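The values are calculated or read from the model by the stated rules, or taken from the named source; none is laboratory data. Small disclaimer: the values here were computed from a predicted structure and weren't measured. No Cβ is skipped: glycine too gets one built from the backbone with ideal geometry, and neighbour counts run over all protein chains shown.
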Amino acid sequence: MINNVYKQVQDHVTKLFEANKKPKLIFHSLEHTLEIVKRTEEIAAHYKLTEKEMMAVYIAAWFHDTGHLFTRPDVHEEKSVELMKSFMQANFPDPELISVVEGCILATKRSVDPVTLPQQIVCDADTYHLGTKDFKKTNKKVRREATMDNELSKTDWDISTLEFMEKHQYYTSYCIELLNKGKQENIERLKRKIAEHTVKVDEGHFLGTEIQGNAKTNKETSNLISKGIQTMLRVSSSNHLRLSEMADRKANILISVNAIIISVSISVLFRKFETDPFLVIPTIVFLTSSVIVIVLSILATRPTVTGGKFSKEDITNKKVNLLFFGNFYKSTLEDFNWGMGIMMRDPDYLYGTLIKDVYYLGVVLGKKYKFLRLAYNIFMAGIVISVIAFTIAVFTQGPGHTTVITNPTTSPL
């Protein structure tokens with residue numbers, strides 16, 4: 001039964017592609033479908049699927065792109081489901097199987113997150129190439145197909161591809177382990193490629209340079225410069241902000257944990273000092289390390305606010321960064337509007353300010369992580385030393401320790 005289903009599905013889809021050849025389908029061809037079927041079988045082999053689930057992922061892999069033969073790319077999944085249902089109802093009318101296959105095909109839409117394991121397998125097989133060395137070749141095919149009816153520069157395409165890949169994720173544990181590293185390497189190559197596309201302008205100019213050539217070349221060159229730099233600055237700023245948020249969260253965790261340690265120590269251990277004086281020194285060590293860690297964590301997150309005002313000379317000389325609130329929060333709205341207007345009309349000033357903003361974000365990050373690293377080291381050392389001190393105190397002077405009376409006059413009797 002299974003072999004019969006496999007053979008009929010393969011023959012039917014192959015005939016569909018051969019009978020409805022479309023030169024525009026440079027990527028979504030029969031060759032691509034065969035590759036997806038191969039990848040689906042590879043991924044599925046690592047999981048214990050039922051017979052019906054195996055059939056479902058196999059059928060979905062064959063049919064998932066057949067919709068491209070008859071309709072627009074944005075709705076091809078729905079058309080693929082329609083073609084699959086028509087074939088299955090005529091040859092293998094199993095409602096449960098058809099439903100599973102439908103879910104697998106629709107899971108390949110960008111806007112859908114696969115839920116079941118069969119859906120995840122087909123979805124990962126469809127984007128398997130993102131984590132392979134063949135990505136460059138397949139990406140060229142996808143671009144040629146996608147840009148056949150609309151103009152899109154290589155840089156714009158690379159930027160949109162980069163955005164897609166940064167949002168993309170693999171769902172099966174097999175693909176996560178096998179392909180994530182390769183996908184990240186392809187992302188880094190894309191970033192370098194986008195940076196290389198940025199056209200070098202005449203020496204002594206930054207962005208305001210006029211490029212010689214015809215109008216089309218000028219427009220494309222301008223787009224290359226703008227898109228490449230925007231992507232670089234956006235990615236850099238985003239990375240810095242994420243790292244800053246991580247540092248703040250780590251500092252908050254340290255503050256919370258050590259505040260709890262101090263409150264528990266004061267409420268529990270201090271009451272034992274009269275009866276158990278041997279606990280004094282370990283407790284002091286414990287509390288001292290906790291206080292130091294809290295102070296360092298506060299220093300790591302404590303904001304620094306500057307004067308809050310700028311002068312017209314600062315704007316004229318391009319010295320002030322109006323993208324940082326600390327430089328304008330005491331200024332009037334009129335002065336701020338004027339300064340922003342000047343900056344936005346001057347590309348050198350605008351992009352120079354963005355670069356400075358990234359730099360100073362990095363400086364702040366360096367300070368945060370310096371304090372945070374020191375706080376973690378002290379926290380770790382404090383815990384270890386405190387445990388050792390408590391252990392020594394308990395075993396040498398604890399309740400079970402016998403006190404030898406050397407002077408009879410000191411005896412309570």
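Before moving on, here are some points about what is shown:
- Per-region count, the stretch 25-41, residues surrounded by fewer than 16 Cβ atoms within 10 Å (Cβ to Cβ), under 31 Å from the mean Cα position of the chain (by Cα) and acidic (Asp, Glu): 1
- Answer from Phe87, Phe92 - the residue that is over 28 Å from Asp149 (Cβ atoms), in contact with a His (Cβ under 6 Å, 6 or more places away or on another chain) and assigned by TED's automatic domain parsing to the domain that holds Asp126: Phe87
- On inspection, Val81 does not qualify as at pLDDT below 95, in the same structural domain as Val57 (by TED's automatic domain parsing) and surrounded by 12 or more Cβ atoms within 10 Å (Cβ to Cβ).
- Lone qualifier among Ser236, Ser226 - being in a helix (DSSP H, G or I), at pLDDT below 75, of a type in the set (Ser, Thr, Tyr) and within 28 Å of Tyr351 (Cα to Cα): Ser226
- Taken as a whole, the structure leaves His28 outside the set of residues that are assigned to a helix (DSSP H, G or I), at pLDDT below 95 and farther than 25 Å from Ser173 by Cβ.
- The residue list Leu374, Leu333, Leu287 contains one member that is closer than 26 Å to Asn239 by Cα and of a type in the set (A, V, I, L, M), which is Leu374.
- Complete set of residues in the stretch 255-290 that are among the β-branched types (Val, Ile, Thr) and either surrounded by 13 or more Cβ atoms within 10 Å (Cβ to Cβ) or modelled with pLDDT of 90 or more (or both): Ile255, Val257, Ile260, Ile261, Ile262, Val280, Ile281, Thr283, Ile284, Val285, Thr288
- Where helices (runs of 4 or more DSSP H) fall wholly inside the stretch 90-175, the ranges with 1 or more residues that are crowded, with 21+ Cβ neighbours inside 10 Å and polar (S, T, N, Q) are 117-126, 154-167.
The rows are residues; the columns are (1) β-branched (Val, Ile, Thr); (2) within 19 Å of Ser29 (Cβ to Cβ).
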{"site": "Val57", "(1), (2)": "yes, no"}
{"site": "Gly67", "(1), (2)": "no, yes"}
{"site": "Glu77", "(1), (2)": "no, yes"}
{"site": "Glu82", "(1), (2)": "no, no"}
{"site": "Leu97", "(1), (2)": "no, no"}
{"site": "Val122", "(1), (2)": "yes, yes"}
{"site": "Ala125", "(1), (2)": "no, yes"}
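- Of the residues in the stretch 331-346, not one is buried (at least 18 other Cβ atoms within 10 Å of the Cβ) and β-branched (Val, Ile, Thr).
- Some residue of the stretch 316-329 being small (Gly, Ala, Ser), outside any helix (DSSP H, G or I) and in the same structural domain as Leu354 (by TED's automatic domain parsing): no
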